[in-house]
Amino acid sequence: MMVPRVAVLFGFGINCDHETKAVFELAGAEAHRIHVNRFISGDSNLAEFDILAVPGGFSFGDHLGSGRLLGNRMRFAMRDALRDFVDAGKPIIGICNGFQVLVKTGLLPGPDAGQSPDFVQRGSLGLNDSGRYEDRWVTLEFDPNSPCIWTKGMTRMTCPVRHGEGKYIMPTPQALEALSTNHQLTVRYVDPSTAVGEGLSDTALPYPLSPNGSMRNVAGICDATGLVFGLMPHPEANYARWLHPDHTRGTAPVGQGNALDSWEGEGLQMFRNAVEYVKQNR
């Protein structure tokens, strides 16, 4: 059986590349850390990979806004390669700063279904309403009707956020409603006291349940194909139960996949979903 090859970007302040690479390997992929400049110079060819991951960190020190400079670098210097990658049906994920990058490139939320990426920025991620950097664990719930291949079969998950600019915004309520209608608001912050599967709400959650004041409590979105996905929280930081703050209490949630025996965390399934998708569609 083929082993999917994952390109995990690094360089210019990205600092979650090693753990992102490791989690993809736990999910059954062959992952490689590739400096952004290698794709830009032609020393590495994006087409040779099956999945692209843009990890978290502080690319270019967040100068001019989180993800702005790396997003522009990719949008202009890697435009053709990224368009071909998406048109070939290959998955892309952006986590935290990587989500900011994908939004700034225009890959998220992207154009209407059936269209190639046009690299038009349609949304943004602004400063947290709290006015400060937030580092805390949050509860997430997934839209079961989303086309997102990364979140297939997932219902609820806890994982940490680590950001200062995580408030997802769009220029008009109509633009956000269109994403909602298309089920592209893939993952949202929810109140952990709600029943599993019943937490999604358009009503703004109080701080810190929503750590940033994001419109409609959005924590992550996908494009119309469901292949390109980005989220502010860090699923790779909950790949094992012993990373969860409730581990020592014996109440850390077990991952839905549970392929790694009893120690699998909730976040690993997201990466396994993409690896299995590639295996089934290549």
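Observations on the structure shown:
- Options Ser59, Ser44: the member that is within 28 Å of Gly126 (Cα to Cα) and touching a helix residue (DSSP H, G or I) at 6+ places or on another chain (Cβ under 6 Å): Ser59
- Identity of the residue in the range 177-227, of a type in the set (A, V, I, L, M, F, W, C) and not in a loop (DSSP other than H, G, I, E, B), that ends up surrounded by the fewest Cβ atoms within 10 Å (Cβ to Cβ): Ala178
Listed here are the residues, each with its yes/no results for (1) at pLDDT 95 or above; (2) of a type in the set (A, V, I, L, M).
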residue	(1), (2)
Asn212	yes, no
Gly226	yes, no
Glu236	yes, no
His247	no, no
Asn258	no, no
Leu268	yes, yes
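- Cβ-Cβ contacts under 8 Å between residues 6 or more apart (or on different chains), taken from a first residue in the range 137-151 that is farther than 23 Å from Asn212 by Cα to a second residue that is surrounded by fewer than 22 Cβ atoms within 10 Å (Cβ to Cβ) and among the aliphatic types (A, V, I, L, M), are listed as Pro147/Ala224.
- Subset of the range 129-171 (residues that are within 17 Å of Phe229 (Cα to Cα) and among the β-branched types (Val, Ile, Thr)): Ile149, Thr151, Thr155, Val161, Ile169
- The set of residues in the range 165-176 that are in contact with a strand residue (DSSP E or B) (Cβ under 7 Å, 6 or more places away or on another chain) and in a loop (DSSP other than H, G, I, E, B) comprises Glu165, Gly166.
- Residue count for the range 105-121, restricted to those that are in contact with a helix residue (DSSP H, G or I) (Cβ under 7 Å, 6 or more places away or on another chain) and farther than 9 Å from Val228 by Cβ: 5
- Matching residues in the range 228-254 - criterion: being touching a helix residue (DSSP H, G or I) at 6+ places or on another chain (Cβ under 7 Å) and surrounded by fewer than 24 Cβ atoms within 10 Å (Cβ to Cβ): Ala237, Ala240, Arg241, Trp242, Leu243, His244, His247, Ala252, Val254
- Within the range 21-64, considering residues that are over 30 Å from Gln280 (Cβ atoms) and either of a type in the set (D, E, K, R) or under 18 Å from the mean Cα position of the chain (by Cα) (or both), the one surrounded by the most Cβ atoms within 10 Å (Cβ to Cβ): Ser59
The values are calculated or read from the model by the stated rules, or taken from the named source; none is laboratory data. Given the structure is predicted, the values throughout are model-derived calculations rather than measurements. Quick reminder, even Gly has a Cβ in these numbers, built from the backbone with ideal geometry, and neighbours come from all protein chains shown.
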